[in-house]
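Note sheet for the following structure.
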Amino acid sequence: MNYSALEEHIENIRKEVGVPYLDVVCYKEHKEIFRYLSGESTTGKEQLYMYSCGKPITVASALRLVEIGKLSLEDKVCFYLPEIKNAFIINNNGEKEYVGETMTVRHLFTMTAGFTHDIYKPPVLQLIKESQGKATLRDFIPKFIETPLAFAPGEKYMYGINHDILAAVIEVVTGKKFSEYVKEEIFDPLRMKFSRFDNGEENMADVYWADENGGVRRIVEDKFLILTPAYESGGAGLASTVEDYIRFADALACGGIAANGYQVLSKEMLQQLTSEQLKDISISNNFACVQGGDYGYGLGVRIRQKPTDWGLNRGEFGWDGAAGSYVMMDPENKVSIFIGLHLRNWPVAFMGKHLQIVEKMYKVLRLSQ
């Protein structure tokens, strides 16, 4: 295959945006068919803060528990985290109304539980200070609900810390730290040797910030949404490499089975993962996907609802992260693509460019058939 035009396109995007690191890899049916690293003083083996690209791994980890009957989407969250019973809203009369007992595990998967990302409130800040950085994910759960939810569980969609709460549920079900469970169930079997949720730092790539005026500058990463070194975030805490992550993506694109035969998810669980979940609350749903308006939302992933005229099928799914990394999985063609980027505030400089790269990749694939 001739990938020269695609490589030139990636190179031009990197130079246009001004970011020093852009890494693109594509697998088809367990085989790497394309890899291009554009960057200065990079090896392609650097670890990246994946942020929300960790969500698909978190939900896959949880669905493994659903598959063996240790967890149900309809379970009440307070069964595992009793303090959730005290979650409340402020109703139309301005009164406190307790709604925690109505929150289910499904609400966490679908971001319809009422949690937001506005978590740096007095109870949370106080715990951060008093614990001297030692407070764990479980320690923060009671603090999150000392202030009201944005809405009653199930009323609407709102992007928030739901997958962190899901990680806490996983800890209760398994009796293990979230990072340990994911390592045993996902990372080790897929040979993802440089992936972690434990907030360790090793060979991390430099992080950059896209300014509103078009500039890009290096920043000291503040571990956005990682409240303490002991806080293991299922929604934002993944550190990984491009080479590691594509192994997970390839498995999900190929029916849930990895190249080495390890079954990450059964076909039934994969179907649940990629089934539209928000249609019943569409009237009040505020879901918006930065990759465009042709997507719905499943159990923690975007799901393409309409095919493109250049070959991207209905049912393609994935997500992206706060530093610009992006994953897509196309089960019909058994194609997966991962784009490694380390640019915070990336939408001001990179909006739409992920799909541009995917489109050019698909045109190469189509011409080669």
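The values are calculated or read from the model by the stated rules, or taken from the named source; none is laboratory data. Note that the structure is a prediction, hence the values are computed from the model and not measured. Because the Cβ atoms are built from the backbone with ideal geometry, glycine has one as well, and the counts that use them run over all protein chains shown. Areas reflect the complete protein model, heavy atoms only, side chains present, ligands, DNA and RNA absent. Shrake-Rupley method; radii C 1.70, N 1.55, O 1.52, S 1.80 Å.
Remarks
- In segment 53-79, of all residues being outside any loop (DSSP other than H, G, I, E, B) and open to solvent by 10 Å² or more (accessible area, probe 1.4 Å), the one that is farthest from ILE13 (Cα to Cα) corresponds to PHE79.
- For segment 100-157, filtered to residues that are open to solvent by less than 20 Å² (accessible area, probe 1.4 Å), assigned to a helix (DSSP H, G or I) and without any contact (Cβ under 8 Å) to a residue 60 or more places away in the chain, the residue that is nearest to LEU71 (Cα to Cα) is GLY100.
- Selection within segment 256-270 - within 19 Å of the chain's Cα centre (by Cα) and of a type outside the set (A, V, I, L, M): GLY256
- Qualifying residue in segment 23-46 (condition: in contact (Cβ under 8 Å) with a residue 40 or more places away in the chain, among the polar types (S, T, N, Q) and not in a loop (DSSP other than H, G, I, E, B)): no
- If the condition is being in contact (Cβ under 8 Å) with a residue 60 or more places away in the chain and over 16 Å from the mean Cα position of the chain (by Cα), then segment 318-342 contributes ASP330, PRO331, ASN333, LYS334, VAL335.
- Test: residue in segment 292-311 that is of a type in the set (Ser, Thr, Tyr), touching a residue at least 12 places away in the same chain (Cβ under 8 Å), part of a strand (DSSP E or B) and in contact with a helix residue (DSSP H, G or I) (Cβ under 6 Å, 6 or more places away or on another chain): no
- Test: residue in segment 120-138 that is farther than 25 Å from VAL173 by Cα and under 23 Å from the mean Cα position of the chain (by Cα): yes
- Residue match in segment 164-187 (condition: open to solvent by 60 Å² or more (accessible area, probe 1.4 Å), at pLDDT below 95 and over 21 Å from the mean Cα position of the chain (by Cα)): no
- Residue count, segment 9-22 (criterion: free of Cβ contacts under 8 Å to residues at least 60 places away in the same chain, surrounded by 13 or more Cβ atoms within 10 Å (Cβ to Cβ) and more than 18 Å from ASP206 (Cβ to Cβ)): 1
- Residue satisfying condition, being of a type in the set (D, E, K, R) and open to solvent by 30 Å² or more (accessible area, probe 1.4 Å), within set LYS360, LYS353: LYS360
- Residues satisfying the criterion are present in segment 315-325 (criterion: in contact with an Asp or Glu (Cβ under 9 Å, 6 or more places away or on another chain) and over 20 Å from PHE34 (Cα atoms)).
- Selection status of ILE90, touching a Cys at 6+ places or on another chain (Cβ under 6 Å) and more than 30 Å from TYR362 (Cα to Cα): no
- Single residue of segment 39-57 satisfying the filter (in contact with a Leu (Cβ under 6 Å, 6 or more places away or on another chain) and at pLDDT 90 or above) that is nearest to SER266 (Cα to Cα): GLY54
- Within segment 245-259, residues that are open to solvent by 10 Å² or more (accessible area, probe 1.4 Å) reach partners that are of a type in the set (Asp, Glu) and in a loop (DSSP other than H, G, I, E, B) with beta carbons closer than 7 Å, at six or more positions or on different chains, in the pairs CYS254/GLU29.
- For segment 224-243, taking the residues that are of a type outside the set (Val, Ile, Thr) and surrounded by fewer than 22 Cβ atoms within 10 Å (Cβ to Cβ), the one that is nearest to ASN162 (Cα to Cα) is identified as LEU225.
- Subset of segment 316-354 (residues that are closer than 21 Å to GLY300 by Cβ, part of a helix (DSSP H, G or I) and either charged (D, E, K, R) or in contact with a Leu (Cβ under 8 Å, 6 or more places away or on another chain) (or both)): none
- Segment 267-294 - residue that is crowded, with 16+ Cβ neighbours inside 10 Å, of a type outside the set (Asp, Glu) and more than 21 Å from THR116 (Cβ to Cβ) and, of those, modelled with the lowest pLDDT: GLN291
- Single condition GLU221 does not satisfy, out of (1) in contact with a strand residue (DSSP E or B) (Cβ under 6 Å, 6 or more places away or on another chain); (2) open to solvent by less than 20 Å² (accessible area, probe 1.4 Å); (3) under 18 Å from GLY133 (Cα atoms): (2)
- In segment 298-350, the residue that is most open to solvent (accessible area, probe 1.4 Å) out of those that are among the acidic types (Asp, Glu) and in contact with a Lys or Arg (Cβ under 9 Å, 6 or more places away or on another chain) is GLU332.
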